[in-house]
Amino acid sequence: MMDEHTPDAASEDEPVVHDGPALPGFEAPEPALDAGYQVLARKYRPQNFEDLIGQEPMVRTLTNAFASGRIAHAYMLTGVRGVGKTTTARLIARALNYETDSADAPSINLDPPGRHCEAIAKSSHVDVMEMDAASRTGVGDIREILEGVRYSPVSARYKVYIIDEVHMLSTSAFNALLKTLEEPPAHVKFIFATTEIRKVPVTVLSRCQRFDLKRIDRDVLTEHLANICEKENADVERDGLTAIARAAEGSVRDALSLLDQAIVQADGDGPVTGEQVRDMLGLADRTRVLDLLEAALEARAKDALEELRHQYDAGADPQVVMRDVLDHLHNLSRIKAVGPEADLGEAADTVARLVKLAEPRSLGALSRLWKLALTGLDDVRAAPDPVGAAEMAIIRLMAGAAMPSPEDAARVLAGGSREPPSPADPAASDGGDNPPAPQASAESATSAEAPAAPAGPGDLDALIALIDDRRDIALKLDVERYVRPVSFRPGAVSFEPAEGAPANLGGRLSTFLTEATGERWLVDASAKRGGETLNERRKREHEKRMAEIMRDPAMVKAMTVFPGAELLSVEEPAQPASDDAQRDEGAAPRQERS
């Protein structure tokens, strides 16, 4: 029995609230922290089609379809993670079931919100079922849906089934869905979403109206982040927002999640700087990456490798560094193709550096360097030591930048100059009343103006002569047997190693040339399609010479007179001494033996 002075018993679910002062011995409870904070990705989820950014083609198609009454019974939404597939599916479900006091028809215009909009947006509407195919993949799960298809909606206009990650359904589940998907009841609509459109059977795709939600452009996403910062009273520097948009790779959800993390990086009342954002993301400063690329393209190996190591020690991810190298090479190619006015979305000083870096290089060379960097990125992803793989990728870039283009190599092999003569060059004139100046004078003037080329061998024979002069017998034998030359340039040698070549041949050759000339030499031992080794050339020339001698009439007659005789050696007659021969001290008659 309850005492008349006892207050009504409170239920266990309702706490007793004391309106008076705090009881003796108890402190008044502090205000509870705001437990209703929503992350930005949820807070700024689009509430209508106008809020969708970067998806104008899809919105235009749906608008026209709804206005004309040509509403499909199944939609397939595809795109990368975080691009808005699930949000768009809910918006379509709201549009299909839009109903207000003044409107009772499907509508893309969701303002003001309809009777069913709030429940659908919260995934709590009885007639809009959402299913995650990643966790419910079997035919039994689909049969549950098909059982419910027969029944009319409870309160909405359409019964809508949203199936996320639909590519995860089993083959039997897809087969069970096909018949209903082809001829659904008039009150049923299907909306599918997937990140792996290629895994969806074509029989399902052919029964759906497909929308490809594209990645959001970097500039558009950056502007979107800036607008949200303004609404949140957050101060994040523009280059920090650009770094977030770049790291998100077109995903709005990823960008907002990163922005949530970046906003709390501020020190006191100051803004969040770009450097703080890059540190948070583990990114290297793109200006420093440009320093790295510049050093690599100019064959400053020590500077390039030290810069890469400094960035890694500062927390930069080697994969991100290589992606930024690819971005810069892409921008260089765009500048070369379009000109300095190409829209790169970079700071003015960065564009100026890129223009200067692109100027001396051909579009073909930049394309090949981009391909080398792309291969390097794949190596970094797969390597057990990512920074080591990144260093090797930078070294290959240096080797690639030092190699001549196929066009230049063809001109050099043909005996021409590296660059074709300019039509404006008087020396290129082939006629007329005013013949060009004497060639010797032009060459003398050019030689006087051009800087002296670095000392070093210009071909394989000169290399052998240099090694022979230094009496490095082991290196000479290896070069003669295993070096298939590709190109010789001042400061750079490229060759294809023949079968059985020592693994350290390139390094030994680089060390030798550096010591012999006093200048740094870059040796690329990974080239393809090299020429003959010196031994192969000597063998070919010997066989050719022996064949010529065997066809000589005197030799044919001698072989007839002496059947079974063999030609053992050939001694060439001494040639009259020319000016060059007189300068070549100790020249001996050539002798060949079989």
Next item on the list: Express in whole angstrom the spacing between the alpha-carbon centres of the stretch 115-185 and the stretch 539-561.
Entry: 88 Å
Notebook entry, point to check: In the stretch 41-212, with Lys and Arg counted as +1 and Asp and Glu as -1 at Cβ, which of these residues, Gly54, Ser206, Val154, has the Cα nearest the positive end of the dipole, that is, farthest along it?
Noted result: Ser206
Checklist line | 5 angstrom amide H check on Asp317, placed H, neighbours 5+ away | finding: Ala284
Margin query: Among the listed pairs Lys43/Lys85; Lys85/Lys189; Lys159/Lys214; Lys122/Lys189, which have their C-alpha atoms separated by more than 23 angstrom in this model?
Written below: Lys159/Lys214
Next item on the list: Return the lysines within reach of Lys356: Cα separation strictly under 24 angstrom, same-chain partners fewer than 8 residues apart disregarded; answer none if there are no such residues.
Entry: Lys302, Lys336, Lys371
Item checked: Integer Hz, Karplus 6.51/-1.76/1.60 couplings in order for the stretch 66-73, x for Gly and Pro -> 5, 5, 8, x, 8, 9, 5, 8
Notebook entry, point to check: Which cross-chain or sequence-distant (5 or more) residues have an amide H under 5 Å from the amide H of Ala492, H modelled 1.01 Å from N in plane?
Noted result: Leu522
Next item on the list: For every other residue with a beta carbon closer than 10 angstrom to the beta carbon of Leu77, add +1 if it is Lys or Arg and -1 if Asp or Glu, then tell me the sum.
Entry: 0
Notebook entry, point to check: How high is the relative contact order of the stretch 41-212, given as a whole-number percent (alpha carbon pairs under 8 Å, six or more residues apart)?
Noted result: 30 percent
Check: Considering amide H positions built from the backbone, and no H for Pro or chain starts, which residues 5 or more places from Val236, or on another chain, come under 5 Å of its amide H?
Finding: Val272
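Since every read-out is calculated from the coordinates, none of them should be taken as a lab result. Predicted model only: the values in this text are computed from it and were never measured. All Cβ positions, even for glycine, are placed from backbone atoms using ideal geometry, and neighbour counts span all protein chains on display.
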